[in-house]
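So the structure is just underneath, and the comments pick up after that.
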Amino acid sequence: MLRVILKISVGTLLLSVLALGALLYYLLTRLPSIETLKDIHLQVPLKVYSRDLSLLAAFGETRRAPMQLKDLPQTLISAVLAAEDDRFFRHPGVDWRGILRAAIQLLLTGEKIQGGSTITMQVARNFFLTPEKTYLRKINEILLALKIERELTKKEILELYLNKIYFGHRAYGVAAAAHVYYGMDVQNLGLPEIAMIAGLPKAPSKLNPITDLERAVARRNFVLSRMRDLGMISKQDYRAAKRTKDSASFHGHAVEINASHLAEMVRAYMVEHFGKEVYNAGYRVVTTISDRLQAASTRALRRGLLRYDQRHRYRGPEQRHSLSDSVTEAEWTRILQGYSSIGDLRAALVIAATDTSITAFTLDVGLITVDWGGLAWASNYARGAGVAKRARDLLMPGDVVRVEAIEKGGFRLAQVPAVEGAFVALDPRDGAILALSGGFDFSQSKFNRVTQARRLAGSGFKPFIYSAALVSGYTAASIVNDTRFVFYDPALDRIWRPENYTHNYMGPMRLREALALSRNLVSVRLLQAIGVNKAVNHIKRFGFDKHYLPRNLSLALGTAEVTPLELARGYVAFANGGFRVDPYFIERIENDRGEIIMSRGSVVQCESCDQQAPVVSALTGTAERGVRAINAQNAWIMTSMMQEVMRTGTAKAALSLNRTDIAGKTGTTNDHKDTWFSGFNHQIVATAWVGFDQAKSLGPKETGARVALPIWMEFMQTALAGTPDAIAPEPPGLVTVRIDRDTGLLTDAGNPRGMFEVFRADNTPSEQNGGPAWDSGAPDAAALPEQLF
């Protein structure tokens, strides 16, 4: 009987060994290749940078910032080992002691305990296995760990772990955790923060300091005690770190420059060309945006919109709450939680109001005082009726308002503007977008007015009409009559009575004067004389879409629909000597290994060429050719005429910049629905637009000179600071002669009404016959119906 039992036992044992061997063979043959770990692509978000390598935006839910082991603080490595696997450098990938301890506990109590899971086993689990807890998965984990240890070094395994493990709040890896919880680079963490991060992998969703501070601090202190017991830190360091209050809070991506509308353009481009995997593939996109100019663009546009808004009626508090006398700061905080800052305007809760000031609470500063000097602009609003003469008539406790920090210190009352705007600056040499602000605040409106808002160009379009006139034989000295007239336009099929903005008329005047003063009737007569079709064909050369160029005389008054980017692009040809460029915003694209996979070829202007040599753009994969829109003589004369706009015309406020190299043109449309200014020198072109998204009048006195020009000037104050006047060299084929300022004809030095003017050498006026220099502007009688006579 005993022999039978022995045979059965031996047989059972052999079968068990065979079965276990078969199972191990089965599992070993199906283990994944460790080679994949050597070329692992961690899920890293798409990041967008300025040309100065400041972060503009990051796209992708996963937060990860891979680092090499040599770049991590030794204290952090020690803390992780103390918390997770202090025998890491001594075991073969599996801690048999821990596994045996867990097995004995299971046999004695029937309960599973966590233990014996080494760093190598966690790497195996995170890279290759599912999170389910089964015995089969545990065996796979052990086998994988042993295989990983055979094929990778300890340092390679530890580096993978520190970059891969989840630390809560979408942070993967220690570097991302340092940014998410403490808003700093991992190298700048102190011992308490290091111990906190090292303790997170145990239960990152539950034991992190944002979700449960008390339990997280207890876990941190445990890690500190382990480090002390293992001799990694001194008892003094342990006690000091344990006493330290934790300062963790959630930190998003540390955006360094506000260029959200441009960053969204990059995101859309990347998704279109690379697919949705760009969110996790670690691409780095370096744009053409300049830190200094982008900051100036954002500041100038916001301040310009606030100036306009404060010239008009205050619309009152955003909301009103009832406050009891016993309300606490905690209650104030709760009320303001739903209000985020918009365009640097803080939300503030009015706590008290007196005759001369208000006291308000803000989330970041606390209690502030706004005196009457910061409130007076809103006095046309009163809680009752009439004009507010005291602060208590304007606001009351419980009102939620916006406040703006002022440069000299303190705050003033503000409101989020109802009006909107756009600003864009280009490098005229190659079309690089140097600054772009698509609205007051991206968080308020993601609509990009620089590229998406198609509005009437107004008088800002006149330089293109004048450029066409120069091609047709007109000169800056040609005389056109600024007088009222009525005629029938077949293209409009109606009688048209164009008027000047000022409703007055100056009679015969030179084109230089007419452009400087933006005389509408001169522009209409000029377009009629050269012909609409001829003008449109010329204007298309600047890059404008022909579908938005009306084929009638209203084109002279700027009824073409353009975006601010298109208008700025058109002005580029005046600034760079006549070349059309294609604006671009991506300088290069790098993959997750830092390799450049796409870059923009430089477009260098050839001053002596009619056409530029083709340049292959890796962004489009095609050969791009810089095309001449106009000849160099046309560009020079037009620039000279637009410099007159700045000296004596509608933009003479820009004289305060003390520059001789700037040129530009104001623009205002009918009923003041759109206001523009586009201006430039030889090194930068910029366009500002202000209007309501749902087009309506800005007010009877709100012109391009009053609304848009100050935005451009404030930007240019920064853009041109410290730079000498950038005047392009005069091209060959031009001559400067003395003319009579009243007739536009040649004159001598003795004429007190004489002045100098620049002409093409083959198109100078004579003393006897002005030729194209005189145009009565009289409509063609054949084009007019009989009833007009």
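The values are calculated or read from the model by the stated rules, or taken from the named source; none is laboratory data. All figures in this text were calculated on a predicted structure; none of them were measured in a lab. So basically every Cβ, Gly included, is an ideal-geometry build from the backbone, and we count neighbours across all protein chains shown. Calculation scope for accessible area: heavy atoms of the full protein, side chains included, ligands and nucleic acids excluded. Shrake-Rupley method; radii C 1.70, N 1.55, O 1.52, S 1.80 Å.
Structure above, values below:
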read-out: Across K206/K276; K206/K242; K276/K696, pairs whose alpha-carbon gap is larger than 28 Å; value: K206/K276; K276/K696
read-out: Value in Å of the Kirkwood radius, where the stretch 680-761 supplies the Cα pairs that are averaged; value: 16.9 Å
read-out: Total formal charge among the other residues, if their Cβ is under 12 angstrom from that of L456, Lys/Arg +1 and Asp/Glu -1; value: 0
read-out: Two-decimal Rg to Rh for the stretch 426-557 - Kirkwood Rh, Cα set; value: 1.03
read-out: For the stretch 271-286, 3J(HN,Hα) per residue [Karplus equation, 6.51 cos²θ - 1.76 cosθ + 1.60, θ = phi - 60°, Hz, x = Gly/Pro]; value: 5, 5, 9, 10, x, 6, 5, 4, 5, 10, 8, x, 5, 10, 10, 9
read-out: Residues M396 and A376, FRET efficiency given R0 of 25 Å [Cβ-Cβ distance, rounded to 0.05]; value: 0.90
read-out: Unit charges at the beta carbon, dipole of the stretch 365-470: most positive-side option, S445, I433, N380; value: N380
read-out: Three-way shape call for the stretch 155-239 based on the alpha-carbon gyration tensor, with the a/c threshold at 1.5; value: oblate
read-out: Taking the stretch 171-239 and dividing mean pair separation by its residue count, relative contact order in percent (alpha carbons under 8 Å, at least six apart); value: 21 percent
read-out: Segment K206-L230, length gained on full extension (0.36 nm per residue, minus Cα span); value: 6.0 nm
read-out: Accessible area expressed per residue, the stretch 483-551, with surrounding protein chains retained (probe 1.4 Å, Å²); value: 46 Å²
read-out: Separation of the R484 and D693 label points, Cα + 7 Å toward Cβ, nm; value: 4.1 nm
read-out: Area of D399 that stays accessible when all protein chains are in place (1.4 Å probe, Å², to 10); value: 0 Å²
read-out: The stretch 332-485: radius of gyration over Cα atoms, expressed as a fraction of 2.2 N^0.38 Å; value: 1.58
read-out: FRET efficiency for D545 and Q717, using Cβ-Cβ distance with R0 set to 35 Å, rounded to 0.05; value: 0.60
read-out: Spin-label pair I597/T333, simplified geometry with 7 Å Cα→Cβ offset, distance in nm; value: 4.5 nm
read-out: Amide proton proximity set for L745, modelled H, under 5 Å, gap of 5+; value: D740
read-out: Gain in span if fully extended, E272 to R239, counting 0.36 nm per residue against the direct Cα distance; value: 6.4 nm
read-out: Segment L363-A761, length gained on full extension (0.36 nm per residue, minus Cα span); value: 136.5 nm
read-out: Average projection area in nm² (convex hull over Cα atoms of the stretch 560-601, one quarter of hull surface); value: 4.3 nm²
read-out: Equivalent ellipsoid dimensions for the stretch 621-704 as semi-axes, Å, which come from the Cα gyration tensor, largest first; value: 27, 20, 11
read-out: Whole-number accessible area per residue in Å² for the stretch 215-256, which is evaluated in the context of all protein chains at 1.4 Å; value: 63 Å²
read-out: L363 accessible area, assembled protein chains, probe 1.4 Å, Å²; value: 80 Å²
read-out: Area accessible to solvent at W636, 1.4 Å probe radius, in Å²; value: 60 Å²
read-out: Per-selection Rg to Rh, the stretch 166-324 - Cα, Kirkwood hydrodynamic radius; value: 1.14
read-out: Sequence of H312, H273 from largest to smallest accessible area, 1.4 Å probe; value: H273, H312
read-out: Amide hydrogen neighbours beyond the local backbone of D399, cut-off 5 Å, H modeled; value: H321, V350
read-out: J(HN,Hα) series, the stretch 387-392, from Karplus relation 6.51 cos²θ - 1.76 cosθ + 1.60, nearest Hz, glycine and proline x; value: 10, 6, 10, 9, 4, 5
read-out: Cα shape, the stretch 485-573, gyration tensor, a/c 1.5 rule; value: oblate
read-out: List L413, L146, L657, ordered by accessible area with a 1.4 Å probe, largest first; value: L146, L657, L413
read-out: Which of E702, E644, E730 is most accessible, then next, and so on - probe 1.4 Å; value: E730, E644, E702
read-out: Computed label-point distance, nm, for sites R454 and A418 using a 7 Å Cα→Cβ extension; value: 2.7 nm
read-out: Residues T648 and D748, FRET efficiency given R0 of 35 Å [Cβ-Cβ distance, rounded to 0.05]; value: 0.90
